[in-house]
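The values are calculated or read from the model by the stated rules, or taken from the named source; none is laboratory data. Being a predicted model, the structure only gives us computed values, none of them experimental. A quick note on method: Cβ atoms are made from the backbone with ideal geometry, for glycine too, and the neighbour counts reach across all protein chains shown.
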């Protein structure tokens, strides 16, 4: 085989190997976590804030010995947050485990490919040495048949020398990448160990919260007869409030029809407002800055008393004392009224939708006022040591109003 052919054979083999290394490294770099560590840490930080807030609310509730049921509801939300937190730890531990496995496989393949590159490089050096000892490079060039062939041989020798230099640099760079990959692997292993410690601690906290919840339930069951009587009375009061709100919404609809020749028809502005309201489904702000949902929409079984059903046209959000109640969307105030046991109440109309805010004090708006999203309506009224904001969302048609589940409209927390 001629020197020319030997040079080309070694260069082609090495080029193929270099390309496979580059593609492999690119794949390794882009194969990261399904969900970044930063995102998971942000999620855990938010969950920890919510857990701390439930602790604060429970501490406030404990001052009122008659509100063990409220404590139970908040505790159950805390348990839900802790379960989500634990799930976050488990996801990242799983992701890191996969990343460690990928890194170890990556390192093994890189080590193997570096060994092959070194073999190819050694073969080039050996071939160059043999050719230098047996055929002087200048003699190889001068032995050409003509000037064009001599020039080509000169360029081949020049390119071969440059290629050897590039190959040496690539081996060095690949070794540096390997060292960096090993360092990343060690860091990932350390992070996994830290997460496992945090996960273990959170598992204990979750078990403690569940045990505490079971104790509250046991204490409540001891007073089931008394609680059943109280709950029946409270549910009767809730039904009165529901009926009053429904009656006022029906009156608003009747007034709108009367003003429009007996028809329910939105104005162009009302249609635009309705569309905007619908576009924000699932992302509306909460009616309070911070809170925990302790009463959900629809018919719900009582948490401790068998056979008792709670019917809710909205959501109840337990919050701190004197918390501000905020409009979840801009619109027109169409009713301001007082209901015994529910404080001051406000209805805001957003085209074909209405939001209802009850259990307030300090309302300064009046019927006909325009209000913006996030604007303060009033303060949560504290009753029996509890501060609970109540929000309802209604969809209006010519046939009447239908309550919607507010949890589907407000943003997730």
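One table, with the values for the structure above:
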read-out	value
Scope segment 250-281; condition surrounded by 14 or more Cβ atoms within 10 Å (Cβ to Cβ) and outside any helix (DSSP H, G or I); matching residues	264, 266, 280
Residues within segment 359-383 that are closer than 18 Å to residue 316 by Cβ and crowded, with 19+ Cβ neighbours inside 10 Å, tallied	7
Residues within segment 363-389 that are within 17 Å of residue 295 (Cα to Cα) and part of a strand (DSSP E or B), tallied	7
Residue 348 being within 27 Å of residue 222 (Cα to Cα) and part of a strand (DSSP E or B)	no
Residue that is touching a helix residue (DSSP H, G or I) at 6+ places or on another chain (Cβ under 8 Å), buried (at least 17 other Cβ atoms within 10 Å of the Cβ), within 30 Å of residue 173 (Cα to Cα) and at pLDDT 80 or above, where the choices are 21, 10, 74, 96	96
Options 292, 346, 328, 333: the member that is touching a strand residue (DSSP E or B) at 6+ places or on another chain (Cβ under 6 Å) and under 25 Å from residue 69 (Cα atoms)	292
Selected residue [touching a helix residue (DSSP H, G or I) at 6+ places or on another chain (Cβ under 7 Å), within 30 Å of residue 218 (Cα to Cα) and touching a residue at least 12 places away in the same chain (Cβ under 8 Å)] from 384, 313	313
Residue satisfying condition, being assigned to a helix (DSSP H, G or I), surrounded by fewer than 18 Cβ atoms within 10 Å (Cβ to Cβ) and not assigned by TED's automatic domain parsing to the domain that holds residue 358, within set 215, 247, 234	215
Test result for residue 288, touching a residue at least 12 places away in the same chain (Cβ under 8 Å) and buried (at least 17 other Cβ atoms within 10 Å of the Cβ)	yes
The listed residue being under 22 Å from residue 401 (Cβ atoms), free of Cβ contacts under 8 Å to residues at least 60 places away in the same chain and either buried (at least 20 other Cβ atoms within 10 Å of the Cβ) or not assigned by TED's automatic domain parsing to the domain that holds residue 74 (or both), out of 325, 356, 336	336
